[in-house]
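Before any comments, here is the structure.
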Amino acid sequence: MASEKSLRVERLKKRAKYCCCRYCGSELHVRQIVFHTQAMARIELYCDQCQKIEYGVEKEAYASARAFVEATQFNHFPDMEDNEQRLQMNIAKVCNITSWQLRYLGLTNETGLTVPVHINEYGMEQCTTVEDDRLEELLEEADRWMKESSQQEG
């Protein structure tokens, strides 16, 4: 029993090194948590910032989820007030989806990412938003440009 407990603690210590809180992105720490309803204490990963028991998510997955939520204004909780808590909950929701996908694709396991990761910084300034009433006009302009370009080459 003691060796099983120490193996779990070692796994949690390793996980704390490559994971962060899925809500705020802060470091996780191995803590002994005492529950009022149980006589025994348990060892868990804990976020001091959120003051929550948190198993965490790979730091790269958190960075990706945060960038996605900020870039797309993703909002899974439209009935909640627009505040920091809702932002954190949206990031955590995308973290859950992202970490599931990474595990499903075999890109993570119990020791973290299984492949090297290169994070591409994605900025909204690289995108163009087109209103519906301008779409037809822009498509016609693109068509004219393509015809002119092909005539100049030929």
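Take the conditions surrounded by 13 or more Cβ atoms within 10 Å (Cβ to Cβ), assigned to a loop (DSSP other than H, G, I, E, B) and in contact (Cβ under 8 Å) with a residue 60 or more places away in the chain and apply them to TYR23. Does it pass? Explain how you work it out, then say what you get.
Values: surrounded by 13 or more Cβ atoms within 10 Å (Cβ to Cβ): yes; assigned to a loop (DSSP other than H, G, I, E, B): yes; in contact (Cβ under 8 Å) with a residue 60 or more places away in the chain: yes.
The answer is yes for TYR23.
So GLN32 ticks every box in (1) under 22 Å from LEU107 (Cβ atoms); (2) in a strand (DSSP E or B); (3) open to solvent by 90 Å² or more (accessible area, probe 1.4 Å) but one. Which box is left unticked?
The single condition GLN32 does not satisfy is (1).
Would you pick out the residues in region 42-59 that are farther than 12 Å from CYS20 by Cα and in contact with a helix residue (DSSP H, G or I) (Cβ under 9 Å, 6 or more places away or on another chain)?
Matches in region 42-59: ILE43, GLU44.
I need the full set of residues from region 86-106 which are surrounded by 13 or more Cβ atoms within 10 Å (Cβ to Cβ) and of a type in the set (A, V, I, L, M, F, W, C), in order please.
LEU87, MET89, ILE91, ALA92, VAL94, CYS95, ILE97, LEU102
Would you mind stating whether ARG42 is in contact (Cβ under 8 Å) with a residue 60 or more places away in the chain and either part of a strand (DSSP E or B) or surrounded by 14 or more Cβ atoms within 10 Å (Cβ to Cβ) (or both)?
When the stated conditions are applied, ARG42 does not pass them.
Here are some conditions: (1) in a helix (DSSP H, G or I); (2) closer than 30 Å to THR129 by Cα. LEU12 meets all but one. Which one does it not meet?
Among (1) in a helix (DSSP H, G or I); (2) closer than 30 Å to THR129 by Cα, the lone unmet condition for LEU12 is (2).
The values are calculated or read from the model by the stated rules, or taken from the named source; none is laboratory data. Given the structure is predicted, the values throughout are model-derived calculations rather than measurements. FYI the Cβ positions are ideal-geometry reconstructions off the backbone, even for glycines, and counts take in every protein chain you see. Ligands, DNA and RNA are stripped out before the accessible areas are found, and what is left, the full protein with its side chains, is counted by its heavy atoms. Shrake-Rupley method; radii C 1.70, N 1.55, O 1.52, S 1.80 Å.
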